[in-house]
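The values are calculated or read from the model by the stated rules, or taken from the named source; none is laboratory data. Note that the coordinates shown come from a computational prediction; the quantities given were computed from them, not determined experimentally. Every residue, glycine among them, receives a Cβ derived from its backbone with ideal geometry; neighbour counts consider all protein chains shown.
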Amino acid sequence: MKPIDTPQRESTWLDYFLPLANEIIVFFLLLLIFFPYLSTEIKTFLHRDSISKLEEFCLQTTNTKPENIKIIQFSRPRSEIKFYCLYKDKNLNLEITINQIGDNWRTSQQRNFNQPGSFFWPFYI
């Protein structure tokens, strides 16, 4: 009995590209998800000396000491800091933006995490 000859198909660029494309897509999706968290942790670490000042803004707003503070944006040219005040009671979590006016820092925007229709990224639970 003679084996059945199956026609050999030539390998195409798709045979090489598809596995690589899947890995590239997964890499960029993971980067898209985790980069904001990594960026926030780096900013919080670099500006940890200002955390005690930021705690005062959280205390003024909710009269409760926050469990954690995460710096989302730190802009020196505009003298603006955006940060999260994270509490044990998740209903108290806030996003606060402060601006420097002269030598004083003032709250320019404040948003509550449980505000309907609002989206916060990166999201800390």
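Give the stretch 34-72 a look and list any residue that's surrounded by 11 or more Cβ atoms within 10 Å (Cβ to Cβ), farther than 18 Å from L92 by Cβ and of a type in the set (S, T, Y), or say none.
Correct list: Y37, S39, T40, T44, S50.
Does at least one position in the stretch 25-33 carry a residue that is more than 11 Å from the chain's Cα centre (by Cα) and surrounded by 17 or more Cβ atoms within 10 Å (Cβ to Cβ)?
Within the stretch 25-33, not a single residue is more than 11 Å from the chain's Cα centre (by Cα) and surrounded by 17 or more Cβ atoms within 10 Å (Cβ to Cβ).
Pull up the stretch 89-103, narrow it to residues that are surrounded by fewer than 19 Cβ atoms within 10 Å (Cβ to Cβ) and over 20 Å from I42 (Cβ atoms), then point me to the one that is nearest to the chain's Cα centre (by Cα).
Per the stated criteria, the residue is K90.
Quick one: how many residues across the stretch 39-77 are aromatic (F, W, Y) and either under 23 Å from N112 (Cβ atoms) or assigned to a loop (DSSP other than H, G, I, E, B) (or both)?
2
Exactly one condition in (1) closer than 24 Å to L32 by Cβ; (2) of a type outside the set (G, A, S); (3) surrounded by fewer than 17 Cβ atoms within 10 Å (Cβ to Cβ) is false for L86; which is it?
Among (1) closer than 24 Å to L32 by Cβ; (2) of a type outside the set (G, A, S); (3) surrounded by fewer than 17 Cβ atoms within 10 Å (Cβ to Cβ), L86 violates only (3).
Is one or more of the residues making up the stretch 47-56 among the hydrophobic types (A, V, I, L, M, F, W, C), at pLDDT 90 or above and under 15 Å from the mean Cα position of the chain (by Cα)?
No - not one qualifying residue is present in the stretch 47-56.
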